[in-house]
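The numbers here are math on the coordinates, done by the rules we state, and not lab data. In this text the structure is predicted, and so the values were computed from the model without any measurement. Every residue, glycine among them, receives a Cβ derived from its backbone with ideal geometry; neighbour counts consider all protein chains shown.
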Amino acid sequence: MTITEILALDPTQAIAALKDKSADVPKWSALEKEYNPQKHPVNNKSLYPDVPGDCDNPAGTKVTRIALDYQRLVTARMTSLCFGIPVKRIYKSQTDKQKEIQRIIEAIYARNRIDSINIERGNMLFAGCEVATLWYAVAEKHSLYGIESNLKIRCANYSPIKGDNIYPLFDEYGDLVALSFGYRRKSMGEWAEYFDTYTANQHIKWIMNGKDSSWQVAEDDNISVGAPNGQGIGKIPAIYMHRPTPIWEDTSNIVYEIEWALSRAGNYVRANTKPLFGVFADEEIEYGGEKPSDSKSVFQWPANAKAGYITWELSETNVRFYTETLRREYFAMLQIPDFSYDNLKSLQLSGEAFKQIFVDAMLKVGDESGRILEFLDREISVVKAFVKNIRPELTDEIDRLQVSCELTPFQVSERKTEIENLATAVTAQIMSRREAIAQLGESDNVDETLRQIAEEGIVDLMGATV
């Protein structure tokens with residue numbers, strides 16, 4: 001059944017067909033139990049109950065519960081590895097008009113704070129396994145993009161982490177033909193269910209509130225060409241990305257085992273750290289008759305008796321070995337370095353040596369980069385389509401402009417070493433000065449930087465001649 005035939009059905013049947021999700025994505029309700037440490041087994045009182053009260057202790061005893069936030073930690077670290085260094089967009093601008101288009105695109109990204117958006121999307125993808133970004137236009141006159149425009153381009157992220165339901169619909173060739181969002185909103189004190197569907201030329205919003213027991217069409221817009229709201233771009237104004245498992249994959253049991261070990265050790269510590277005063281004697285000793293002398297108690301014991309505090313010594317070596325081994329294997333299996341401050345503070349390493357620590361991480365980013373770059377390249381296509389509404393006279397140039405994205409895995413490096421390596425490459429004539437400036441990433445306008453360098457060289461040469 002084609003998307004046109006699906007949308008021609010009655011609302012209930014159409015929504016049921018659009019919810020037929022072909023992407024194999026785990027449900028957030030299951031993932032959240034691993035992602036949220038408050039929902040780990042160690043915090044489940046039915047699995048790990050507190051000690052009930054008795055005559056001597058009516059209130060009972062609360063057991064030690066140590067939950068570790070490792071799943072959230074590896075999610076944040078993987079996001080930092082992919083997007084800690086901002087995504088680089090590489091333009092092949094051949095004409096002045098294409099350079100103007102480049103400036104508009106970069107201005108749109110800057111106004112939407114795309115670097116922060118990428119961080120948010122990374123967390124959504126690696127924890128919730130799917131994310132979608134909807135781009136839309138608002139009618140507003142401004143000059144934020146360096147030109148006069150009647151449209152302001154914005155974007156919004158959707159993810160199960162935020163309570164959104166995403167329903168992509170693919171055709172038999174694997175192309176996305178519709179993207180739908182299901183969500184709840186409160187209006188006038190009542191909750192209502194919403195279902196939005198976007199295709200290349202249509203946007204339909206269905207609603208079902210508390211008064212109605214069936215879906216009703218709230219909006220039905222033709223967005224194929226020249227729509228008043230600026231969404232007429234000839235393609236779905238949204239991008240979708242998913243992965244089959246969360247970034248922590250099947251390692252949650254290791255986290256749970258560390259939590260159990262630490263919690264049990266905590267119970268022993270709490271029960272045995274209070275010292276006991278013991279008397280060792282063959283005769284019966286009477287207590288309570290101690291005589292004070294100068295604010296000190298005087299004890300009288302038999303000649304061969306011994307007395308002193310008895311303390312319990314925890315065999316912490318075994319516990320530490322067990323938990324540290326599990327932690328080390330946890331990060332090793334995920335190919336994510338454990339670059340916490342405690343691990344790195346004792347290492348006196350150079351920038352090149354630190355790069356070796358991040359080899360696994362760079363390989364991991366390489367494994368993940370396929371779906372991410374595909375997502376970002378499609379986003380470029382959507383943004384370019386919106387630019388056509390802003391500068392329709394440059395439509396042909398917008399189509400000719402080639403843009404690609406590049407992920408730079410985060411790594412610890414010495415800036416001095418990087419500059420020296422680039423300078424050596426330029427001197428050895430294996431890299432152009434333009435390429436070196438672009439790779440260093442300090443210049444927003446490589447052409448302008450090259451021009452200033454040339455001018456400064458001429459001034460220096462004139463000074464040397466004089």
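Some points to look at:
- Cβ crowding within 10 Å, taken as a proxy for footprinting-reagent exposure, orders Leu262, Leu18 from fewest neighbours to most as Leu262, Leu18.
- Near the amide H of Lys88, within less than 5 Å, lie the amide hydrogens of Glu406, Thr408, all on another chain or at least 5 residues away, with H placed in the peptide plane.
- Segment 36-87 and segment 142-158 have Cα centres spaced 43 Å apart.
- q = 0.13, 0.17 Å⁻¹: log10 I(q)/I(0) that the Debye formula gives for segment 361-443, counting C-alpha atoms only: -0.68, -0.92
- Peptides 190-200, 50-60, 20-30 ordered by average Cβ neighbours within 10 Å, highest first: 190-200, 20-30, 50-60
- In order along segment 420-429, the Karplus-derived 3J(HN,Hα) couplings, from 6.51 cos²θ - 1.76 cosθ + 1.60 at θ = phi - 60°, round to 5, 5, 5, 5, 5, 5, 5, 4, 7, 6 Hz, and Gly and Pro are given as x.
- Legend: ranking of residues Glu397, Glu283 from fewest to most surrounding C-beta atoms inside 10 Å; resulting order Glu283, Glu397.
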